[in-house]
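The values are calculated or read from the model by the stated rules, or taken from the named source; none is laboratory data. The structure presented is a predicted model; accordingly, all values stated were derived computationally and were not measured. Positions of Cβ are generated from backbone atoms using ideal geometry, with glycine treated the same way; all protein chains shown enter the neighbour counts. Calculation scope for accessible area: heavy atoms of the full protein, side chains included, ligands and nucleic acids excluded. Shrake-Rupley method; radii C 1.70, N 1.55, O 1.52, S 1.80 Å.
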Amino acid sequence: MEENYKVHLVEDEENLVQILRTYMEKEGFQVKTFTSGEEAMESIHESCHLWILDIMLPGIDGYELLKKIKAEEDVPVIFISARDEDLDRIVGLELGSDDYIAKPFMPRELIIRAKKLLKRVYQQSSSQKKFEIVEYEIDPIGRKVLDRGEQIELTTKEMDLILYLVEHVNQTLTREQILTHVWGDDYVGSDRAVDDVIRRVRKKMPRMNLETSYGLGYRLIT
């Protein structure tokens, strides 16, 4: 790995915690573990590169913790759960999670998903510089957008989408291309997830000329 990523793992099954910690530390991750939502909440202000959350936690559950994490900082989150997969994935994505893995799973699968997500979030933008579009200052390295000096609150998916669009200004990007780049080529779900993120970006950045190419996808016009 190019960086020694710091991961916060929230899981109430102690045996699973030990197994996942062992696998992740062998891959070079710095791992801090929590066995309840309350424990994790005490460290919510601590900086890390990735949160891995179990949904079913005693006390404060994964959904509530996810909302607190995203309100604090735009850090990627992977959900793990043994409950209804489709429902959890939908609710988790709506709340801002970046990936989902259903129990039971192989620890190696979680490692692969974590690496891909971290690479997409932290490495692809490392050589880019700040730039401005219609008075929005976009900072790919800091992963933030300022509107005349005021920071716009963006989810990880919204930021990934914005960076992808500005990299391909005036080009039509299909929903399939956006899904592959932003969600990953192993994403399973409706391409309408793209429409939802586009809608949110348009609402948060109304001066951006984000055009719909009907039947195809979207393009950013300058």
### Message
So in segment 129-166, with the set limited to residues that are open to solvent by 70 Å² or more (accessible area, probe 1.4 Å) and not in a loop (DSSP other than H, G, I, E, B), which one is nearest to Ile221 (Cα to Cα)?
### Response
Glu132
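Could you say whether any residue in segment 84-101 is at pLDDT 85 or above, open to solvent by less than 70 Å² (accessible area, probe 1.4 Å) and out of contact with any Pro (no Cβ under 8 Å at 6 or more places or on another chain)? Lay out the reasoning, then the answer.
Restricting attention to segment 84-101, the residues satisfying the condition of being at pLDDT 85 or above are 101.
If we keep only those that are open to solvent by less than 70 Å² (accessible area, probe 1.4 Å) as well, we get 101.
Filter once more, keeping what is out of contact with any Pro (no Cβ under 8 Å at 6 or more places or on another chain): 101.
So far as segment 84-101 goes, yes, one or more of its residues are at pLDDT 85 or above, open to solvent by less than 70 Å² (accessible area, probe 1.4 Å) and out of contact with any Pro (no Cβ under 8 Å at 6 or more places or on another chain).
When you scan segment 1-42, how many residues do you find that are of a type outside the set (A, V, I, L, M, F, W, C) and open to solvent by less than 10 Å² (accessible area, probe 1.4 Å)? Walk me through how you get there before you give the answer.
As a first pass, look at segment 1-42 and keep what is of a type outside the set (A, V, I, L, M, F, W, C): 2-6, 8, 11-15, 18, 21-23, 25-28, 30, 32-33, 35-39, 42.
Add one more test, that the residue is open to solvent by less than 10 Å² (accessible area, probe 1.4 Å), and what stays is 5, 8, 11, 37.
Residues in segment 1-42 being of a type outside the set (A, V, I, L, M, F, W, C) and open to solvent by less than 10 Å² (accessible area, probe 1.4 Å): 4 in total.
Quick check: is even one residue across segment 167-174 in a helix (DSSP H, G or I) and surrounded by 15 or more Cβ atoms within 10 Å (Cβ to Cβ)?
Looking only at segment 167-174, we keep the residues that are in a helix (DSSP H, G or I), and these are 167.
Filter again for surrounded by 15 or more Cβ atoms within 10 Å (Cβ to Cβ), leaving 167.
Yes.
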### Summary
Out of (1) closer than 17 Å to Thr156 by Cα; (2) open to solvent by 50 Å² or more (accessible area, probe 1.4 Å); (3) touching a residue at least 40 places away in the same chain (Cβ under 8 Å), the one Glu73 does not meet is (3)
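Which of the residues belonging to segment 138-172 are charged (D, E, K, R) and either touching a residue at least 12 places away in the same chain (Cβ under 8 Å) or closer than 13 Å to Asp74 by Cα (or both)? Steps first, please.
Applying the first criterion (charged (D, E, K, R)) to segment 138-172 yields 139, 143-144, 147-148, 150, 153, 157-158, 160, 167.
Matches in segment 138-172: Arg143, Lys144, Asp147, Arg148, Glu153, Lys157, Glu158, Asp160.
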### Summary
A careful count of residues in segment 188-214 that are open to solvent by 60 Å² or more (accessible area, probe 1.4 Å), within 21 Å of Leu117 (Cα to Cα) and not small (Gly, Ala, Ser) gives 2
### Query
Any idea how many residues of segment 192-216 are in contact with a Ser or Thr (Cβ under 9 Å, 6 or more places away or on another chain) and not in a helix (DSSP H, G or I)?
4
